[in-house]
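K.L.:
Mind having a look at this structure? Questions to follow.
The values are calculated or read from the model by the stated rules, or taken from the named source; none is laboratory data. Please read all numbers here as calculations on a predicted model, not as lab measurements. Neighbour counts are summed over all protein chains in view; Cβ atoms, including those assigned to glycine, are modelled from backbone coordinates with ideal geometry.
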Amino acid sequence: MAEKGKRGFAGMDQEKQRAIASKGGKAAHQKGTAHEFTPEEARAAGRKGGQAAHERGRAHQFTSEEARIAGRKGGQHSRASRNSPAPPPEPQPANAAVPESPAEAGHPNHEHPNHEHPGAAPGDAAGVMGGLA
């Protein structure tokens, strides 16, 4: 049997795949159906990606100087955000309906903070990242 080449999305170069995926992500955000990570989900996904990078030897190894600079930037950002007042809320028309819950706002998966994702094992962040790591 003849060997099949990559077709469709898999056959495109990585730059073209990224451009298409970017358009899809932007459209989902405009439509209001994009997934928004909770801080817990973001931490789990970042931890998983970092562990995978270290296992594969692809993780960036910070020098002590780079670590010092990064830590200083983080501390400055953290202090600045604590000391700055919150931005004022955007004005809403008097007749604007305010959704009662995240589900009514078009985010059905945000009813419960520990919701599962399609394709993920219970408690696994793989479904969040689409299996990338």
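K.L.:
In this structure, is Ala59 within 30 Å of Arg7 (Cβ to Cβ), modelled with pLDDT under 90, among the small types (Gly, Ala, Ser) and in contact with a helix residue (DSSP H, G or I) (Cβ under 6 Å, 6 or more places away or on another chain)?
P.N.:
Considered against the rule, which asks whether it is within 30 Å of Arg7 (Cβ to Cβ), modelled with pLDDT under 90, among the small types (Gly, Ala, Ser) and in contact with a helix residue (DSSP H, G or I) (Cβ under 6 Å, 6 or more places away or on another chain), Ala59 comes out as no.
K.L.:
Does region 22-42 contain any residue that is loosely packed, with under 13 Cβ neighbours inside 10 Å, assigned to a helix (DSSP H, G or I), in contact (Cβ under 8 Å) with a residue 60 or more places away in the chain and not hydrophobic (A, V, I, L, M, F, W, C)?
P.N.:
Yes, region 22-42 contains at least one residue that is loosely packed, with under 13 Cβ neighbours inside 10 Å, assigned to a helix (DSSP H, G or I), in contact (Cβ under 8 Å) with a residue 60 or more places away in the chain and not hydrophobic (A, V, I, L, M, F, W, C).
K.L.:
Just name the residue that is surrounded by the fewest Cβ atoms within 10 Å (Cβ to Cβ) out of those in region 10-21 that are in a helix (DSSP H, G or I) and over 22 Å from the mean Cα position of the chain (by Cα).
P.N.:
Ala10
K.L.:
Shifting gears a bit: Name the residues in region 13-47 that are basic (Lys, Arg) and more than 23 Å from His60 (Cβ to Cβ), would you?
P.N.:
Selection gives Lys16, Lys23, Lys26, Lys31.
K.L.:
Related question: Kindly check whether there is at least one residue in region 50-61 that is surrounded by 11 or more Cβ atoms within 10 Å (Cβ to Cβ), free of Cβ contacts under 8 Å to residues at least 24 places away in the same chain and within 16 Å of the chain's Cα centre (by Cα).
P.N.:
Among the residues of region 50-61, at least one is surrounded by 11 or more Cβ atoms within 10 Å (Cβ to Cβ), free of Cβ contacts under 8 Å to residues at least 24 places away in the same chain and within 16 Å of the chain's Cα centre (by Cα), which makes the answer yes.
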